[in-house]
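Only one structure is covered here, and it is reproduced in the block below.
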Amino acid sequence: MKNKWLITLAALSLIFAAAAVQILPDRIPVHFGLNGNVDRIGSKYEVFLFTGISTAVTVTGILLRRKFEKEAQTAENGKEASHASGNAKICGTVCTAVNAVMLGLECVMICMGYSGLQQISGTEEELYCSATVILMGILFAVLGNIMPKMKMNGLMGLRTTWSMKNDEVWTRCQRMGGTVTFFGGVAVILSGIILRGYPSLAAMMIIFLVIFAVMIKGSQQIYTDWEKENRNG
């Protein structure tokens, strides 16, 4: 089955959440401030939020994959069919990666809630926080590897006014965006390992802002360069 991993991860999320509510206290810590202190206590049933997200991602992924597969079947030429077929596979991979990270974050939340039965120590807080940061870094590194393979479409990839001008500009933009996203993800992973705890969260947010800014500005520059090349040609 094409979507077996996507569905399996969503199912595991439901199973883990259902098992967790049997052992967690009614009220658990669900969020920590940058100072390292718990700033929100919530219901143990909030672990099902991750199941909801995974379910939404799964349904979206299946529908989008079918959409691209249908486009491949009705394509007017081999090139368009190949592009649509490739995007269908990429869509499945992206959604599977997102579900895997959501499952990891759910496990972190469950562990935080269980530790809340006692007093969460500073070391545990750092561990949970760093685990969250590392998981997000892994997701971005995976997305960075996938982006250069994306063909032009209206749903995924680095989509800006400039990157959507034509296939050549699109390809260049995805390569640039993929490189930036991959190394940004690696930087986030390292921040989770080296900085530890809440400083790694601040570093992650800064890195993400830099990634988005570089990609937007980079796509504009790529189009400008392409325009100059073709004008001179």
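Of all aspartates and glutamates in the structure, those lying under 14 Å Cα to Cα from Lys44, and not within fewer than 8 positions of it along the same chain, are Asp26, Glu106.
Computing FRET efficiency as 1/(1 + (r/R0)^6) for Glu80 and Val59, where r is the C-beta to C-beta distance and R0 is 22 Å, gives about 0.25. The label-point distance for Asp26 and Cys111, in a model that sets each label 7 Å from Cα toward Cβ, rounds to 2.8 nm. If a/c stays under 1.5 just call it rounded; otherwise compare a/b with b/c (prolate if a/b is bigger, oblate if not). Do that for the chain, with a ≥ b ≥ c from the square roots of the Cα gyration tensor eigenvalues. The shape class here is oblate. The gain in end-to-end length when the Ala19 to Asp225 segment is fully stretched comes to 68.6 nm, 0.36 nm per residue minus the alpha carbon separation.
For a Förster distance of 35 Å, can you work out the FRET efficiency between the beta-carbons of Val210 and Arg66, rounded to the nearest 0.05? E between Val210 and Arg66, to the nearest 0.05, is 0.45. Among the listed pairs Lys4/Lys79; Lys70/Lys151; Lys2/Lys70; Lys67/Lys165, give every one whose C-alpha distance is greater than 19 Å. The answer is Lys4/Lys79; Lys67/Lys165.
Laboratory data are not the source of any read-out in this text; all were calculated from the coordinates shown. Predicted model, so just to flag it, every value in this text is computed and none were measured. A quick note on method: Cβ atoms are made from the backbone with ideal geometry, for glycine too, and the neighbour counts reach across all protein chains shown.
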